[in-house]
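The values are calculated or read from the model by the stated rules, or taken from the named source; none is laboratory data. These figures come from a predicted structure and were not determined experimentally. A quick note on method: Cβ atoms are made from the backbone with ideal geometry, for glycine too, and the neighbour counts reach across all protein chains shown. Accessible surface is based on the protein model in full, side chains and every heavy atom, while ligands, DNA and RNA are left aside. Shrake-Rupley method; radii C 1.70, N 1.55, O 1.52, S 1.80 Å.
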Amino acid sequence: MEPMILNDDLVLIYRENDWNRVTGKVCAIRLNGEITLKEVQIEPESEVIFLHPYNHKFKTLVVHQDKYQDVFLVGVLEAVIRTY
């Protein structure tokens, strides 16, 4: 999520399990066994989840309904703590 969230930053995640409440928010998502922070956008008509990175070096991840068993909503980003 660089440049917004840097390596070694601490993040506080508010637990949330309702996908309908997280569109437009940065969330912690478990995808294929790994945790990632991405901005979530859901297209209810097509039942597709878009996971947008802030770092433009990475592509948007697209999760189709048939892959939902591989994606788990951990929670919503509440705060970032950075030490200097």
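Table for the structure above
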| item | result |
| --- | --- |
| Proximal aspartates and glutamates relative to Lys67, as straight alpha-carbon distance under 14 Å, when same-chain residues fewer than 8 apart are discounted | Glu47 |
| Residues listed by number, the stretch 16-39, amide nitrogen under 16 Å from Lys57 label point at 7 Å toward C-beta | 37 |
| Centroid-to-centroid separation of the stretch 1-30 and the stretch 52-84 [C-alpha atoms, Å] | 6 |
| Where Leu61, Leu73 fall by accessible area, highest first, once all protein chains stay in place (1.4 Å) | Leu61, Leu73 |
| Inter-label distance for Asp66 and Asn7, nm, one decimal - labels placed 7 Å from Cα along Cα-to-Cβ | 3.7 |
| Stokes-Einstein diffusion coefficient of the chain, Kirkwood radius over Cα pairs, 20 °C, 1.002 mPa s, in µm²/s | 162 |
